[in-house]
Amino acid sequence: MNSYRCAVLSIVKHAYVPRGVASHPQFELVVVADDAAQPDWVHERNQRLADEFDIPYVKDVERAVSEYNVQVAVVSSEAERHCDLSVRAAEAGLHIVQDKPMSDRLSECDRLVEAVERNGVKFVMWNRNFLPALVHARQLVEAGEIGDIRAIHCDFYFAKDCGPPVGSRGPDDPPINWLEHQIAAHVDGSDGGVGREPMGELKIEGIYPLAYIHSLTGAAVKRVFARTASHFHQVHADNNVDDLATVTLEMAGGIVGTLAIGRIGASSHPDIGEIKLHLTGDKGGLVISEARPEVGIYYRGQPPHEFRHQRIAVDNDFLIMEDFARAIETGSETVLDVRTGRAIAATVEAALLSARTNEVVNVNSA
């Protein structure tokens, strides 16, 4: 097997992406790097991961890439920096594993697509497409068990808290600062939207259900109609971003898609949330619970934030990197390549515009 030396380019969010990369024996984390001008809290998180893997932390991205002879960049910065770091990696000839979302701006996604394709490197957006239930569902669809897909719906509700609920603060209280809140929320894992730019659930988590829909149908989204609300959490209301949304998708081949997404609070569900897909074909239907297979674990003194339902047989991280290695070595496309990532970002952008204008919006295809 070929082996690949990896540089982690910023790790301000949770370390699930670099840890997932390191779960595969062909990939070795050898250095953490970031720009020296980043604030202290960024450097602290970068140093923490470097210490965990007993590797250096270099406050100079280009020097780290050059001196440590790396072939792969792992990008998990604030969302607004994702594409810039990935473009710099592509220009250095590195293959790229990037955290979601691709970016908070479609123009940045276009810049990344151009850099990846011009430099002939491979790109994968971190995803959940290799969870057992999704793998099984793809097998059934590809085997023709339900015929041609006519409609698909995804519920994607994350049971995570995000600070005080809507209406719990006084009228004279100042708005909650987005970045300060996300930095503090890192402790309990509810900081999915870390960055200076406020982002709602569609931008933060929309990649997952939209990647499922693309994986199962292979159909491009043409037009969307969406509704959004700041329904649950004060931080979303104060920053005018969604924590609840519905989207209707007009897709190629006459397929109709629908999506309901939200951050619904930890007390709403014993697991990570209610995540299901419903497929209707011309020969039958299919309902997929993303969490299956799982076991319920309840015991005296159980910590309040521990998930009661534990997933089993999950090799998602390993399989993403197995697929990535195959793409590097054979020239095949990855499970969620740069063009698909850009298409998902364009769908999210169109949905947010639709929610603001109350109109059907065409998706900006590349």
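Things worth noting here:
- Qualifying residue in region 265-273 (condition: in the same structural domain as ALA350 (by TED's automatic domain parsing), modelled with pLDDT of 95 or more and either in contact with a Phe, Trp or Tyr (Cβ under 8 Å, 6 or more places away or on another chain) or of a type in the set (A, V, I, L, M) (or both)): no
- For ARG88, the conditions (1) closer than 17 Å to LYS122 by Cα; (2) surrounded by fewer than 21 Cβ atoms within 10 Å (Cβ to Cβ); (3) in contact with a His (Cβ under 9 Å, 6 or more places away or on another chain) all hold with the exception of (3).
- Those residues of region 225-265 which are part of a strand (DSSP E or B) and of a type in the set (S, T, N, Q), in sequence order: THR228, THR246, THR248, THR258
- Selection of first residues in region 145-160 that are assigned by TED's automatic domain parsing to the domain that holds SER289 and buried (at least 18 other Cβ atoms within 10 Å of the Cβ) and of second residues that are of a type in the set (S, T, N, Q) and assigned to a strand (DSSP E or B), restricted to Cβ pairs under 8 Å at least 6 apart or on distinct chains, gives the following pairs, ordered by first then second residue: ILE146/THR280; ILE149/THR280; ILE152/THR258; ILE152/THR280; HIS153/THR258; CYS154/THR258.
- Qualifying residue in region 122-129 (condition: farther than 22 Å from ARG19 by Cβ, buried (at least 22 other Cβ atoms within 10 Å of the Cβ) and touching a strand residue (DSSP E or B) at 6+ places or on another chain (Cβ under 8 Å)): no
- Top-ranked residue in region 81-114 [being aliphatic (A, V, I, L, M) and touching a strand residue (DSSP E or B) at 6+ places or on another chain (Cβ under 7 Å); ranked as farthest from GLU28 (Cα to Cα)]: MET102
- Scanning region 271-280 turns up one or more residues that are in a loop (DSSP other than H, G, I, E, B) and closer than 30 Å to LYS122 by Cβ.
- The condition of being surrounded by fewer than 23 Cβ atoms within 10 Å (Cβ to Cβ) and either at positive phi or part of a loop (DSSP other than H, G, I, E, B) (or both) holds for only one of ALA115, ALA64, ALA36, ALA50, that being ALA36.
- ALA185, sole failed condition from (1) small (Gly, Ala, Ser); (2) farther than 22 Å from GLU290 by Cα; (3) free of Cβ contacts under 8 Å to residues at least 12 places away in the same chain: (3)
The values are calculated or read from the model by the stated rules, or taken from the named source; none is laboratory data. Bear in mind that the values here come from a model prediction, so they are computed numbers and not experimental data. Note that each Cβ is placed from the backbone with ideal geometry, even for glycine, and that neighbours are counted across all protein chains shown.
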